[in-house]
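S.K.: One structure is given below, represented as structure tokens, and several questions about it will come after.
The values are calculated or read from the model by the stated rules, or taken from the named source; none is laboratory data. No experiment lies behind these values; they were computed from the predicted model shown. As a convention, Cβ positions derive from the backbone with ideal geometry for all residues, glycine included, and neighbour counts pool all protein chains shown.
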């Protein structure tokens, strides 16, 4: 495997760009190929078999880009499909759930952790399983928040309506006296200040993106796959692929990555 | 074409069942084949080319069921794809936009009509075009309401949050002094009482499903395709197909149709 090969990152849509942002920050030399399934988004309310089927198509697409490692930047795919497909993946593959679970298991002091995510992510129970593997005494409380993604996409990041919905979704977690809350969907960091307002300052909010990038570094080092730029200072290259309108994607991506990004290319993902 | 052949009805997901309900009420003898694209829902935020591509796959699937006519029970498809695909469709095909526009054009007294729908439906401008063809003096005011579908699916049909969001979305339409409002998305009739509360009793709310079923009857009569049951009282048959988990669909469908419906069958729509 060539060290100059790109890291493949994929998501059901746009949210995974928050993970790309973190990878660029921590691993600025790496080349990245991103795929966002913008035509078939969202995955969070789909069945497990459909999520697995879509994931397999995306993996086959990423193989054509000769990626040296893959990051599943989507909680739903990490929770619903990663365990099922990973045996057949010929390169190291990392999801966001395990790193997020690890941080939470270490961060909690009172042993009470909350998880919020899509219906699929919460139903999978995977955050709970990982946390309880690492810290059997920790109690995990979960809650699906189906309106958070549409509210975030509507731009209502700080809004009385979002606060009211958050207060309802998070009431049971507050009552459960959690001291750590995993933001188990890549859109949720956009609502961070609202969630902070509802949960109060004493609760630790965990965004799995940071720890996922740490784990990617560890994995590349382990397999001796880190890109070496040396004195030449070769600029990294970033390529973006989507299954729906590329222009719309580019606008959102420029905002999240705070940079002009190259034009995304639309591909027919269902043919893979 | 055989009179006993079924009518094909399709939607991006579940909402189209409100149209099926109306067809069953008005045309109780007809056999119906329904397809809901529950794996790829929603269509309302997708690009036109993707909506056309998905529509072509669904049409090819419906042809395998030898349908005698097709009802597009989805405003987004009716607005974005129907004009583009209909030349190639070998049977009569009816959308919900034209019937809805016709009712509104006739119902308005002050010549000011509002349209609410998905981003795609509103961007298409098709409701406006049809209304202005029928009644050139009528002024049309449109507004996309992206949160209405997730709010309806979350069950918040009557809720202070939905009322607040509706008040924001509908403020400009109220200010424009419309006397008629088209519910241009099959989910919106579920929010009817909230929309009624915000708009007041003097505004006429138009649900295109009713007029679509009227148009289907007219079309079947015109082509001499009405099913004849005569004295034998042959029971109509209903078949449901989806692209994601059938069980979830069945529960929702039983609720909307107020009857036990036969098990839905999952099909691989992307292979058509």
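S.K.: Which of (1) in contact with a helix residue (DSSP H, G or I) (Cβ under 9 Å, 6 or more places away or on another chain); (2) assigned to a helix (DSSP H, G or I); (3) not assigned by TED's automatic domain parsing to the domain that holds residue B:184 is the odd one out, the single condition residue B:90 does not satisfy?
M.R.: (2)
S.K.: Does region B:177-190 contain any residue that is free of Cβ contacts under 8 Å to residues at least 24 places away in the same chain, over 19 Å from the mean Cα position of the chain (by Cα) and assigned by TED's automatic domain parsing to the domain that holds residue B:125?
M.R.: Taking every residue of region B:177-190 in turn, none turns out to be free of Cβ contacts under 8 Å to residues at least 24 places away in the same chain, over 19 Å from the mean Cα position of the chain (by Cα) and assigned by TED's automatic domain parsing to the domain that holds residue B:125.
S.K.: Going through B:92, B:99 one at a time, which residue ends up being touching a residue at least 40 places away in the same chain (Cβ under 8 Å) and under 13 Å from residue B:207 (Cα atoms)?
M.R.: So the residue among B:92, B:99 that is touching a residue at least 40 places away in the same chain (Cβ under 8 Å) and under 13 Å from residue B:207 (Cα atoms) is B:99.
S.K.: Looking only at region A:33-51, count every residue that is assigned to a helix (DSSP H, G or I) and either surrounded by fewer than 18 Cβ atoms within 10 Å (Cβ to Cβ) or more than 14 Å from chain B (Cβ to nearest Cβ) (or both) and tell me the total.
M.R.: Here is the first cut: in region A:33-51, the ones assigned to a helix (DSSP H, G or I) are A:48-51.
Retained after the next criterion (residues that are either surrounded by fewer than 18 Cβ atoms within 10 Å (Cβ to Cβ) or more than 14 Å from chain B (Cβ to nearest Cβ) (or both)): A:48-49.
Residues meeting the conditions: 2.
S.K.: Also, I was wondering about something else. Exactly one condition in (1) under 23 Å from residue B:51 (Cα atoms); (2) touching a residue at least 40 places away in the same chain (Cβ under 8 Å); (3) buried (at least 20 other Cβ atoms within 10 Å of the Cβ) is not met by residue B:142; state its number.
M.R.: With (1) under 23 Å from residue B:51 (Cα atoms); (2) touching a residue at least 40 places away in the same chain (Cβ under 8 Å); (3) buried (at least 20 other Cβ atoms within 10 Å of the Cβ) applied to residue B:142, the lone miss is (2).
S.K.: Something else about it: Criterion first (closer than 28 Å to residue B:178 by Cβ and either part of a strand (DSSP E or B) or touching a helix residue (DSSP H, G or I) at 6+ places or on another chain (Cβ under 8 Å) (or both)) does residue B:270 satisfy it?
M.R.: Answer is no for this residue.
S.K.: When only residues in region B:226-266 that are surrounded by 13 or more Cβ atoms within 10 Å (Cβ to Cβ), under 22 Å from the mean Cα position of the chain (by Cα) and more than 23 Å from residue B:42 (Cα to Cα) count, which is farthest from the other protein chains (Cβ to nearest Cβ)?
M.R.: B:226
S.K.: Considering (1) modelled with pLDDT of 95 or more; (2) surrounded by fewer than 21 Cβ atoms within 10 Å (Cβ to Cβ); (3) within 25 Å of residue A:230 (Cβ to Cβ), say which one residue A:57 fails and leave the rest.
M.R.: Result: residue A:57 passes all but (3).
S.K.: With the condition kept exactly as written, say whether any residue in region B:104-118 is within 14 Å of another protein chain (Cβ to nearest Cβ), touching a residue at least 60 places away in the same chain (Cβ under 8 Å) and either within 17 Å of residue B:43 (Cα to Cα) or in a helix (DSSP H, G or I) (or both).
M.R.: yes
S.K.: Just checking, how many residues over region A:192-249 are touching a strand residue (DSSP E or B) at 6+ places or on another chain (Cβ under 7 Å), within 28 Å of residue A:263 (Cβ to Cβ) and without any contact (Cβ under 8 Å) to a residue 24 or more places away in the chain?
M.R.: So the answer is 1.
S.K.: Working carefully through the options A:85, A:67, A:71, A:77, find the one that is assigned to a loop (DSSP other than H, G, I, E, B), closer than 30 Å to residue A:225 by Cα and not assigned by TED's automatic domain parsing to the domain that holds residue A:177. Spell out how you get there, then give the answer.
M.R.: Values: A:85 fails: assigned to a loop (DSSP other than H, G, I, E, B); A:71 fails: assigned to a loop (DSSP other than H, G, I, E, B); A:77 fails: assigned to a loop (DSSP other than H, G, I, E, B).
Selected residue: A:67, the only one of A:85, A:67, A:71, A:77 that is assigned to a loop (DSSP other than H, G, I, E, B), closer than 30 Å to residue A:225 by Cα and not assigned by TED's automatic domain parsing to the domain that holds residue A:177.
S.K.: Any residue at all in region A:21-32 that is in a strand (DSSP E or B) and buried (at least 19 other Cβ atoms within 10 Å of the Cβ)?
M.R.: Yes, because at least one residue in region A:21-32 is in a strand (DSSP E or B) and buried (at least 19 other Cβ atoms within 10 Å of the Cβ).
S.K.: A further question follows. Does residue B:169 satisfy the condition of being surrounded by fewer than 20 Cβ atoms within 10 Å (Cβ to Cβ), within 14 Å of chain A (Cβ to nearest Cβ) and touching a residue at least 12 places away in the same chain (Cβ under 8 Å)?
M.R.: yes
S.K.: Please tell me if residue A:151 is surrounded by 21 or more Cβ atoms within 10 Å (Cβ to Cβ), within 14 Å of chain B (Cβ to nearest Cβ) and touching a residue at least 12 places away in the same chain (Cβ under 8 Å).
M.R.: Judged against the criteria, residue A:151 is a match.
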